[in-house]
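Data first, discussion second: the structure below is written as structure tokens.
The values are calculated or read from the model by the stated rules, or taken from the named source; none is laboratory data. The shown structure was predicted, so the numbers you read here are calculated from the model rather than taken from an experiment. In this analysis, Cβ positions are derived from the backbone assuming ideal geometry, glycine residues included, and neighbour counts consider all displayed protein chains. SASA here: full protein model, heavy atoms, side chains in, ligands and nucleic acids out. Shrake-Rupley method; radii C 1.70, N 1.55, O 1.52, S 1.80 Å.
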Amino acid sequence: EPEVTQTPSHQVTQMGQEVILRCVPISNHLYFYWYRQILGQKVEFLVSFYNNEISEKSEIFDDQFSVERPDGSNFTLKIRSTKLEDSAMYFCASRTGYGEAFFGQGTRLTVV
Amino acid sequence: DQQVKQNSPSLSVQEGRISILNCDYTNSMFDYFLWYKKYPAEGPTFLISISSIKDKNEDGRFTVFLNKSAKHLSLHIVPSQPGDSAVYFCAASAVDSSYKLIFGSGTRLLVRP
């Protein structure tokens, strides 16, 4: 069964450092997303990506965040200068459009 | 702005009985609703969905009911099993440029043996 894969599973970084979270979405999907979940809280939408550009972003997704799909398969989330409050589980998801969204297993980001 | 609400943070039921998880929404543009199951440190796993043109969808032990006039949906699990113990998230999406999902805050279900 096709699946969304994310790497790394856990990333520890120092405050102020840049991190890149990587995802391989399901190959025939058209819509790609990043979500995050701070411990014990809800799953929050960050950004959606369609047709090689951002189609929507939340107010959380400020100038410190960026996304790329550099080679047609990988989908990355970059945080330029991490803050303590960026510590969370980050989930990548993909979707054909209407229908279920498939989620990866997540990357736990810990900013120290 | 909580467009999707799950007002019960937790639910405990006996094995074999029915579990009913509830979800309310405020955005009338939502036209597709989904339920996800989540374990700690794992990604959400899709369970069942329903389109706004239907009022019921069934898949094995799982049934989702949609009441559009009340902007309410519910997930029924019958019979409940200990392996169903997890956090359940309701999510909704609208036909727009991104098809993003908006999640509720989740309900932790504990099924007691």
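Please verify whether region B:3-15 includes one or more residues that are free of Cβ contacts under 8 Å to residues at least 60 places away in the same chain, of a type in the set (Lys, Arg) and not in a loop (DSSP other than H, G, I, E, B).
Taking region B:3-15 and keeping what is free of Cβ contacts under 8 Å to residues at least 60 places away in the same chain, we get B:7.
Among the residues that remain, those that are also of a type in the set (Lys, Arg) are: none.
Scanning region B:3-15 turns up no residue that is free of Cβ contacts under 8 Å to residues at least 60 places away in the same chain, of a type in the set (Lys, Arg) and not in a loop (DSSP other than H, G, I, E, B).
Across region A:2-21, the number of residues qualifying as in contact (Cβ under 8 Å) with a residue 60 or more places away in the chain and in a strand (DSSP E or B) comes to 9.
State whether one or more residues within region A:59-74 are surrounded by fewer than 21 Cβ atoms within 10 Å (Cβ to Cβ), of a type outside the set (Phe, Trp, Tyr) and within 14 Å of another protein chain (Cβ to nearest Cβ).
Yes.
Residues in region A:33-58 that are under 25 Å from B:Arg108 (Cβ atoms), among the hydrophobic types (A, V, I, L, M, F, W, C) and surrounded by 18 or more Cβ atoms within 10 Å (Cβ to Cβ): A:Trp34, A:Val43, A:Phe45, A:Leu46.
Are any of the residues in region A:64-84 closer than 26 Å to B:Cys90 by Cα, out of contact with any strand residue (DSSP E or B) (no Cβ under 8 Å at 6 or more places or on another chain) and not in a strand (DSSP E or B)? Within region A:64-84, not a single residue is closer than 26 Å to B:Cys90 by Cα, out of contact with any strand residue (DSSP E or B) (no Cβ under 8 Å at 6 or more places or on another chain) and not in a strand (DSSP E or B). Does B:Arg112 satisfy being open to solvent by 30 Å² or more (accessible area, probe 1.4 Å) and either away from chain A (no Cβ under 14 Å) or free of Cβ contacts under 8 Å to residues at least 40 places away in the same chain (or both)? Criteria met by B:Arg112. For B:Phe33, the conditions (1) surrounded by 19 or more Cβ atoms within 10 Å (Cβ to Cβ); (2) assigned to a strand (DSSP E or B); (3) over 10 Å from the mean Cα position of the chain (by Cα) are fulfilled apart from (3).
Mind listing whichever residues of region B:44-76 are open to solvent by 20 Å² or more (accessible area, probe 1.4 Å), of a type in the set (A, V, I, L, M) and assigned to a strand (DSSP E or B)? Correct list: B:Leu47 only. How many residues, within region B:25-53, are of a type in the set (D, E, K, R) and over 22 Å from B:Val78 (Cβ atoms)? Residues that pass the stated criteria total 2. Among residues of region B:82-109 that are away from chain A (no Cβ under 11 Å), none has a Cβ under 6 angstrom from a residue that is assigned to a helix (DSSP H, G or I) and modelled with pLDDT of 95 or more at a sequence gap of 6+ or on a separate chain. The residue of region B:77-109 that is surrounded by the fewest Cβ atoms within 10 Å (Cβ to Cβ), among those that are modelled with pLDDT under 95 and among the charged types (D, E, K, R), is B:Asp96.
Go through the residues of region B:9-23 one by one and say whether even a single one is surrounded by 15 or more Cβ atoms within 10 Å (Cβ to Cβ) and among the acidic types (Asp, Glu). Among the residues of region B:9-23, not one is surrounded by 15 or more Cβ atoms within 10 Å (Cβ to Cβ) and among the acidic types (Asp, Glu), which makes the answer no.
Residues in region A:35-51 include at least one that is assigned to a loop (DSSP other than H, G, I, E, B), in contact (Cβ under 8 Å) with a residue 24 or more places away in the chain and on the phi < 0 side of the Ramachandran plot.
Might you check whether a residue that is open to solvent by 40 Å² or more (accessible area, probe 1.4 Å) and within 14 Å of the chain's Cα centre (by Cα) occurs anywhere in region A:92-105? Yes, region A:92-105 has at least one match. Of all residues in region B:19-28, one or more are at pLDDT 95 or above and farther than 26 Å from A:Ala93 by Cα.
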